[in-house]
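For reference, the structure is listed below as C-alpha coordinates.
The values are calculated or read from the model by the stated rules, or taken from the named source; none is laboratory data. Please read these numbers as outputs of a predicted model, since none were measured by experiment. All Cβ positions, even for glycine, are placed from backbone atoms using ideal geometry, and neighbour counts span all protein chains on display. Just so you know, the surface numbers come from the protein's heavy atoms only, side chains and all, with ligands and any DNA or RNA stripped out. Shrake-Rupley method; radii C 1.70, N 1.55, O 1.52, S 1.80 Å.
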Amino acid sequence: MEDNLDHIHQQALKDLAALENTDDLQDLSVRYLGRKGILTQFLRNISKLPVAQRPAAGKKANEIKRLLEKAFKVAAEKLESQDQAAEAAIDVSLPGRAVACGALHPITQINQQICDIFSNLGFDIAEGPEVESDYYNFEALNFPKDHPARDMQDTFFITDDIVLRTHTSPNQIRSMEKQSPPVRIIVPGKVYRCDSDLTHTPMFHQVEGLLVDENISFGDLKGILTTFVHQLFDEQTSLRFRPSFFPFTEPSAEVDILCVICRGKGCRVCSHTGWLEILGSGMVHPALYENVGYDADRYTGFAFGMGVDRIAMLKYGIDDIRKFFENDIRFLEQF
Ligand code: PHE
(Lines give C-alpha, C1' and ligand atoms only; values in the text may rest on other atoms or scores of the structure.)
Protein backbone atom coordinates (compact mmCIF):
# COMPACT_ATOMS: atom_id res chain seq x y z
CA MET A 1 0.00 0.00 0.00
CA GLU A 2 2.76 2.42 0.94
CA ASP A 3 4.73 1.43 -2.17
CA ASN A 4 1.69 2.24 -4.19
CA LEU A 5 1.52 5.76 -2.69
CA ASP A 6 5.22 6.35 -3.29
CA HIS A 7 4.76 5.28 -6.85
CA ILE A 8 1.89 7.77 -7.36
CA HIS A 9 4.01 10.51 -5.78
CA GLN A 10 7.03 9.84 -8.02
CA GLN A 11 4.94 9.60 -11.16
CA ALA A 12 3.22 12.90 -10.41
CA LEU A 13 6.57 14.66 -9.92
CA LYS A 14 7.84 13.21 -13.22
CA ASP A 15 4.74 14.38 -15.08
CA LEU A 16 5.12 17.83 -13.54
CA ALA A 17 8.74 18.12 -14.65
CA ALA A 18 7.75 17.29 -18.24
CA LEU A 19 5.10 20.04 -18.40
CA GLU A 20 5.42 22.76 -21.01
CA ASN A 21 2.43 25.02 -20.52
CA THR A 22 -0.22 26.14 -18.05
CA ASP A 23 -3.07 24.30 -19.81
CA ASP A 24 -1.36 20.94 -19.37
CA LEU A 25 -0.73 21.83 -15.73
CA GLN A 26 -4.43 22.24 -15.19
CA ASP A 27 -5.14 18.79 -16.69
CA LEU A 28 -2.45 17.19 -14.62
CA SER A 29 -3.75 18.77 -11.43
CA VAL A 30 -7.20 17.35 -12.14
CA ARG A 31 -5.73 13.91 -12.86
CA TYR A 32 -4.01 13.66 -9.48
CA LEU A 33 -5.82 16.03 -7.11
CA GLY A 34 -9.24 16.54 -8.71
CA ARG A 35 -12.44 15.08 -7.27
CA LYS A 36 -11.94 11.91 -9.26
CA GLY A 37 -8.15 12.20 -9.23
CA ILE A 38 -5.82 9.34 -8.43
CA LEU A 39 -4.90 10.56 -4.99
CA THR A 40 -8.43 11.51 -4.08
CA GLN A 41 -9.61 8.01 -5.05
CA PHE A 42 -6.91 6.54 -2.91
CA LEU A 43 -8.02 8.55 0.12
CA ARG A 44 -11.62 7.47 -0.43
CA ASN A 45 -10.60 3.82 -0.55
CA ILE A 46 -8.81 3.97 2.78
CA SER A 47 -12.09 3.08 4.48
CA LYS A 48 -11.94 -0.26 2.69
CA LEU A 49 -8.57 -1.13 4.21
CA PRO A 50 -8.23 -3.31 7.32
CA VAL A 51 -8.72 -1.10 10.40
CA ALA A 52 -5.13 -1.50 11.56
CA GLN A 53 -3.73 -0.09 8.34
CA ARG A 54 -6.05 2.90 8.02
CA PRO A 55 -4.29 5.50 10.25
CA ALA A 56 -0.86 5.02 8.66
CA ALA A 57 -2.27 4.99 5.14
CA GLY A 58 -4.34 8.09 5.81
CA LYS A 59 -1.43 9.94 7.29
CA LYS A 60 0.86 9.10 4.40
CA ALA A 61 -1.74 9.87 1.71
CA ASN A 62 -2.47 13.28 3.25
CA GLU A 63 1.21 14.05 3.46
CA ILE A 64 1.74 13.23 -0.21
CA LYS A 65 -1.32 15.26 -1.10
CA ARG A 66 0.23 18.23 0.67
CA LEU A 67 3.59 17.75 -1.05
CA LEU A 68 1.96 17.48 -4.44
CA GLU A 69 -0.19 20.57 -3.90
CA LYS A 70 2.97 22.47 -3.09
CA ALA A 71 4.80 21.05 -6.14
CA PHE A 72 1.89 22.06 -8.38
CA LYS A 73 1.95 25.57 -6.98
CA VAL A 74 5.68 25.93 -7.64
CA ALA A 75 5.26 24.55 -11.18
CA ALA A 76 2.39 26.99 -11.83
CA GLU A 77 4.52 29.95 -10.79
CA LYS A 78 7.39 28.78 -12.98
CA LEU A 79 5.17 28.35 -16.05
CA GLU A 80 3.56 31.69 -15.41
CA SER A 81 6.86 33.54 -15.50
CA GLN A 82 7.88 31.61 -18.64
CA ASP A 83 4.67 32.74 -20.32
CA GLN A 84 5.37 36.32 -19.34
CA ALA A 85 8.88 36.16 -20.76
CA ALA A 86 7.55 34.72 -24.03
CA GLU A 87 4.99 37.49 -24.25
CA ALA A 88 7.65 40.13 -23.66
CA ALA A 89 9.82 38.58 -26.42
CA ILE A 90 7.20 39.35 -29.05
CA ASP A 91 6.22 42.79 -27.83
CA VAL A 92 4.82 44.18 -31.10
CA SER A 93 5.03 47.74 -29.77
CA LEU A 94 8.85 47.63 -29.65
CA PRO A 95 10.63 49.68 -32.34
CA GLY A 96 12.18 47.56 -35.13
CA ARG A 97 15.81 46.51 -35.05
CA ALA A 98 18.07 48.74 -37.13
CA VAL A 99 19.50 47.00 -40.22
CA ALA A 100 23.27 47.41 -40.44
CA CYS A 101 23.78 49.06 -43.81
CA GLY A 102 27.03 48.99 -45.80
CA ALA A 103 28.71 52.05 -47.29
CA LEU A 104 31.29 52.73 -49.96
CA HIS A 105 34.89 52.35 -48.78
CA PRO A 106 36.59 55.77 -48.41
CA ILE A 107 39.10 54.88 -51.13
CA THR A 108 36.26 53.92 -53.48
CA GLN A 109 34.59 57.25 -52.72
CA ILE A 110 37.72 59.28 -53.49
CA ASN A 111 38.36 57.18 -56.58
CA GLN A 112 34.87 57.99 -57.84
CA GLN A 113 35.30 61.70 -57.10
CA ILE A 114 38.57 61.75 -59.07
CA CYS A 115 37.00 59.88 -62.01
CA ASP A 116 33.96 62.20 -62.00
CA ILE A 117 36.12 65.32 -62.17
CA PHE A 118 38.14 64.02 -65.14
CA SER A 119 35.05 62.65 -66.89
CA ASN A 120 33.57 66.14 -66.76
CA LEU A 121 36.80 67.45 -68.30
CA GLY A 122 36.33 65.08 -71.25
CA PHE A 123 38.56 62.16 -70.24
CA ASP A 124 37.49 58.54 -70.90
CA ILE A 125 38.01 55.88 -68.23
CA ALA A 126 40.15 52.86 -69.18
CA GLU A 127 41.49 49.81 -67.35
CA GLY A 128 44.43 47.45 -67.67
CA PRO A 129 45.83 44.23 -66.17
CA GLU A 130 47.39 44.10 -62.69
CA VAL A 131 49.69 41.25 -63.74
CA GLU A 132 51.81 42.96 -66.31
CA SER A 133 54.72 42.16 -68.60
CA ASP A 134 58.14 43.70 -68.08
CA TYR A 135 57.65 45.30 -71.50
CA TYR A 136 54.61 47.40 -70.54
CA ASN A 137 55.63 48.09 -66.94
CA PHE A 138 59.22 49.13 -67.81
CA GLU A 139 60.67 48.61 -71.27
CA ALA A 140 58.12 50.50 -73.39
CA LEU A 141 58.08 53.28 -70.77
CA ASN A 142 61.74 53.95 -71.53
CA PHE A 143 63.19 52.07 -68.55
CA PRO A 144 66.02 50.18 -70.27
CA LYS A 145 67.09 46.87 -68.68
CA ASP A 146 69.48 47.42 -65.75
CA HIS A 147 68.58 51.12 -65.71
CA PRO A 148 68.87 52.41 -62.13
CA ALA A 149 65.39 53.99 -62.41
CA ARG A 150 63.93 50.47 -62.07
CA ASP A 151 65.12 50.53 -58.46
CA MET A 152 62.77 53.47 -57.75
CA GLN A 153 60.00 50.89 -57.55
CA ASP A 154 60.36 47.79 -55.39
CA THR A 155 58.90 45.33 -57.85
CA PHE A 156 57.13 42.06 -57.09
CA PHE A 157 58.40 39.70 -59.79
CA ILE A 158 56.32 36.68 -60.84
CA THR A 159 58.89 35.53 -63.39
CA ASP A 160 61.81 37.43 -64.94
CA ASP A 161 59.38 38.87 -67.48
CA ILE A 162 56.09 39.08 -65.54
CA VAL A 163 55.51 41.51 -62.66
CA LEU A 164 52.70 42.88 -60.55
CA ARG A 165 52.39 46.34 -62.07
CA THR A 166 54.24 48.90 -59.94
CA HIS A 167 52.23 51.79 -61.39
CA THR A 168 49.32 52.44 -63.75
CA SER A 169 51.65 53.95 -66.39
CA PRO A 170 51.72 50.74 -68.54
CA ASN A 171 48.27 51.90 -69.65
CA GLN A 172 49.82 54.91 -71.36
CA ILE A 173 51.36 52.44 -73.82
CA ARG A 174 48.31 50.15 -73.93
CA SER A 175 45.90 52.99 -74.72
CA MET A 176 48.15 54.55 -77.37
CA GLU A 177 48.58 51.14 -79.06
CA LYS A 178 44.79 50.83 -79.30
CA GLN A 179 43.96 54.24 -80.74
CA SER A 180 45.48 57.13 -82.61
CA PRO A 181 45.43 60.70 -81.23
CA PRO A 182 43.66 62.51 -79.78
CA VAL A 183 43.93 60.38 -76.62
CA ARG A 184 42.29 61.57 -73.44
CA ILE A 185 42.07 58.88 -70.78
CA ILE A 186 42.36 58.22 -67.09
CA VAL A 187 43.07 54.76 -65.66
CA PRO A 188 42.20 53.97 -62.04
CA GLY A 189 43.55 50.77 -60.55
CA LYS A 190 45.52 48.80 -57.97
CA VAL A 191 49.31 48.78 -58.05
CA TYR A 192 51.88 46.80 -56.07
CA ARG A 193 55.20 47.58 -54.45
CA CYS A 194 57.24 45.68 -51.89
CA ASP A 195 56.93 48.33 -49.18
CA SER A 196 55.08 48.62 -45.87
CA ASP A 197 54.97 51.30 -43.16
CA LEU A 198 52.75 54.14 -41.86
CA THR A 199 52.34 55.64 -45.33
CA HIS A 200 52.97 52.62 -47.60
CA THR A 201 51.11 49.36 -48.19
CA PRO A 202 52.20 46.61 -50.63
CA MET A 203 49.00 47.26 -52.61
CA PHE A 204 47.69 50.75 -53.17
CA HIS A 205 45.66 52.70 -55.71
CA GLN A 206 46.63 55.08 -58.48
CA VAL A 207 44.86 57.05 -61.15
CA GLU A 208 46.85 57.52 -64.34
CA GLY A 209 46.08 60.29 -66.79
CA LEU A 210 47.19 60.73 -70.41
CA LEU A 211 46.38 63.40 -72.96
CA VAL A 212 48.02 63.37 -76.42
CA ASP A 213 47.10 65.63 -79.33
CA GLU A 214 48.60 68.30 -81.56
CA ASN A 215 49.90 71.44 -79.81
CA ILE A 216 49.67 70.19 -76.24
CA SER A 217 51.99 72.13 -73.92
CA PHE A 218 53.11 72.11 -70.31
CA GLY A 219 50.60 74.93 -69.83
CA ASP A 220 47.77 72.47 -70.60
CA LEU A 221 49.18 70.08 -68.01
CA LYS A 222 49.23 72.85 -65.40
CA GLY A 223 45.73 74.00 -66.32
CA ILE A 224 44.13 70.53 -66.09
CA LEU A 225 45.85 69.62 -62.81
CA THR A 226 45.05 72.99 -61.23
CA THR A 227 41.38 72.64 -62.18
CA PHE A 228 41.42 69.11 -60.80
CA VAL A 229 42.94 70.07 -57.42
CA HIS A 230 40.58 73.02 -57.02
CA GLN A 231 37.60 70.75 -57.62
CA LEU A 232 38.76 67.87 -55.43
CA PHE A 233 39.91 70.07 -52.51
CA ASP A 234 38.96 73.75 -52.86
CA GLU A 235 39.92 76.95 -54.68
CA GLN A 236 42.25 77.96 -51.85
CA THR A 237 44.40 74.87 -52.33
CA SER A 238 47.31 76.17 -54.38
CA LEU A 239 49.72 73.95 -56.32
CA ARG A 240 53.48 73.83 -56.70
CA PHE A 241 55.25 72.13 -59.63
CA ARG A 242 58.62 70.75 -58.56
CA PRO A 243 61.16 69.51 -61.16
CA SER A 244 61.56 65.74 -60.99
CA PHE A 245 62.56 62.73 -63.05
CA PHE A 246 60.63 59.87 -64.64
CA PRO A 247 62.04 57.90 -67.61
CA PHE A 248 58.73 58.25 -69.51
CA THR A 249 58.24 62.03 -69.19
CA GLU A 250 60.48 64.94 -70.15
CA PRO A 251 60.37 67.41 -68.54
CA SER A 252 58.91 65.88 -65.38
CA ALA A 253 57.35 67.52 -62.35
CA GLU A 254 56.00 66.40 -59.05
CA VAL A 255 52.99 68.31 -57.85
CA ASP A 256 52.58 69.45 -54.27
CA ILE A 257 49.45 71.03 -52.84
CA LEU A 258 49.35 73.54 -50.02
CA CYS A 259 49.02 71.51 -46.81
CA VAL A 260 45.29 70.95 -46.24
CA ILE A 261 45.86 70.75 -42.47
CA CYS A 262 47.96 73.87 -41.71
CA ARG A 263 47.46 75.82 -44.99
CA GLY A 264 51.20 76.30 -45.41
CA LYS A 265 52.17 77.23 -41.84
CA GLY A 266 53.95 73.92 -41.28
CA CYS A 267 52.70 70.95 -39.27
CA ARG A 268 53.39 67.29 -38.56
CA VAL A 269 51.45 66.05 -41.60
CA CYS A 270 53.50 68.11 -44.09
CA SER A 271 56.76 67.59 -42.13
CA HIS A 272 56.79 71.37 -41.49
CA THR A 273 57.26 72.19 -45.19
CA GLY A 274 53.73 73.54 -45.72
CA TRP A 275 53.37 71.32 -48.84
CA LEU A 276 52.10 67.82 -49.59
CA GLU A 277 53.12 65.75 -52.61
CA ILE A 278 50.16 64.20 -54.42
CA LEU A 279 51.24 63.23 -57.91
CA GLY A 280 53.92 62.77 -60.55
CA SER A 281 53.57 64.24 -64.04
CA GLY A 282 55.32 65.45 -67.14
CA MET A 283 55.32 65.77 -70.93
CA VAL A 284 55.23 62.38 -72.63
CA HIS A 285 58.78 61.33 -73.63
CA PRO A 286 59.17 61.05 -77.45
CA ALA A 287 60.60 57.53 -77.01
CA LEU A 288 57.08 56.35 -76.06
CA TYR A 289 55.67 57.67 -79.34
CA GLU A 290 58.32 55.64 -81.18
CA ASN A 291 57.25 52.52 -79.26
CA VAL A 292 53.57 52.87 -80.21
CA GLY A 293 54.08 54.20 -83.76
CA TYR A 294 52.93 57.80 -83.21
CA ASP A 295 54.51 60.63 -85.17
CA ALA A 296 56.68 62.31 -82.52
CA ASP A 297 57.06 65.45 -84.65
CA ARG A 298 53.34 65.98 -84.88
CA TYR A 299 52.04 65.03 -81.43
CA THR A 300 52.81 66.11 -77.92
CA GLY A 301 51.05 65.28 -74.69
CA PHE A 302 51.23 65.02 -70.94
CA ALA A 303 50.77 62.27 -68.39
CA PHE A 304 50.25 62.19 -64.65
CA GLY A 305 49.83 59.58 -61.95
CA MET A 306 48.41 60.13 -58.49
CA GLY A 307 48.14 58.07 -55.29
CA VAL A 308 44.48 57.67 -54.37
CA ASP A 309 45.15 56.34 -50.85
CA ARG A 310 47.38 59.30 -50.08
CA ILE A 311 44.75 61.76 -51.30
CA ALA A 312 42.11 59.95 -49.20
CA MET A 313 44.40 60.26 -46.14
CA LEU A 314 44.76 64.00 -46.74
CA LYS A 315 41.08 64.60 -47.39
CA TYR A 316 39.96 62.68 -44.33
CA GLY A 317 42.92 63.49 -42.05
CA ILE A 318 44.01 59.86 -41.51
CA ASP A 319 47.55 59.31 -40.31
CA ASP A 320 47.99 55.57 -40.90
CA ILE A 321 47.32 54.20 -44.39
CA ARG A 322 46.97 50.63 -43.04
CA LYS A 323 43.63 51.60 -41.44
CA PHE A 324 42.10 51.51 -44.93
CA PHE A 325 42.81 47.82 -45.25
CA GLU A 326 42.05 46.46 -41.77
CA ASN A 327 38.32 46.50 -42.50
CA ASP A 328 37.45 47.60 -38.98
CA ILE A 329 33.79 48.52 -39.41
CA ARG A 330 34.03 51.21 -36.66
CA PHE A 331 36.64 53.01 -38.76
CA LEU A 332 34.91 52.55 -42.13
CA GLU A 333 31.52 53.67 -40.79
CA GLN A 334 32.82 57.22 -40.29
CA PHE A 335 32.94 58.08 -44.00
N1 PHE B 1 54.07 56.29 -62.61
C2 PHE B 1 54.67 57.27 -61.75
C3 PHE B 1 54.77 56.69 -60.34
O4 PHE B 1 54.11 55.74 -60.04
C5 PHE B 1 53.85 58.54 -61.71
C6 PHE B 1 53.80 59.24 -63.02
C7 PHE B 1 52.79 58.99 -63.93
C8 PHE B 1 54.77 60.19 -63.37
C9 PHE B 1 52.72 59.66 -65.15
C10 PHE B 1 54.69 60.87 -64.55
C11 PHE B 1 53.69 60.59 -65.41
O12 PHE B 1 55.52 57.20 -59.52
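Quick notes
- Qualifying residue in the stretch 280-302 (condition: in contact with a His (Cβ under 9 Å, 6 or more places away or on another chain), without any contact (Cβ under 8 Å) to a residue 40 or more places away in the chain and away from the ligand (no atom under 16 Å from the Cβ)): no
- The helices (runs of 4 or more DSSP H) located wholly in the stretch 264-335 that include 1 or more residues which are open to solvent by less than 70 Å² (accessible area, probe 1.4 Å), out of contact with any Leu (no Cβ under 9 Å at 6 or more places or on another chain) and β-branched (Val, Ile, Thr) occupy 286-292, 308-316.
- Of everything in the stretch 38-75 that is out of contact with any Lys or Arg (no Cβ under 6 Å at 6 or more places or on another chain) and β-branched (Val, Ile, Thr), the residue that is least open to solvent (accessible area, probe 1.4 Å) is 64.
- Condition check for residue 231: more than 11 Å from the ligand (Cβ to nearest atom) and at pLDDT 95 or above: yes
- Residues within the stretch 136-187 that are among the aromatic types (Phe, Trp, Tyr), within 16 Å of the ligand (Cβ to nearest atom) and either in contact with an Asp or Glu (Cβ under 9 Å, 6 or more places away or on another chain) or not in a helix (DSSP H, G or I) (or both), tallied: 3
- Matching entry among 251, 243 (being assigned to a strand (DSSP E or B), more than 10 Å from the ligand (Cβ to nearest atom), in contact (Cβ under 8 Å) with a residue 12 or more places away in the chain and surrounded by fewer than 18 Cβ atoms within 10 Å (Cβ to Cβ)): 251
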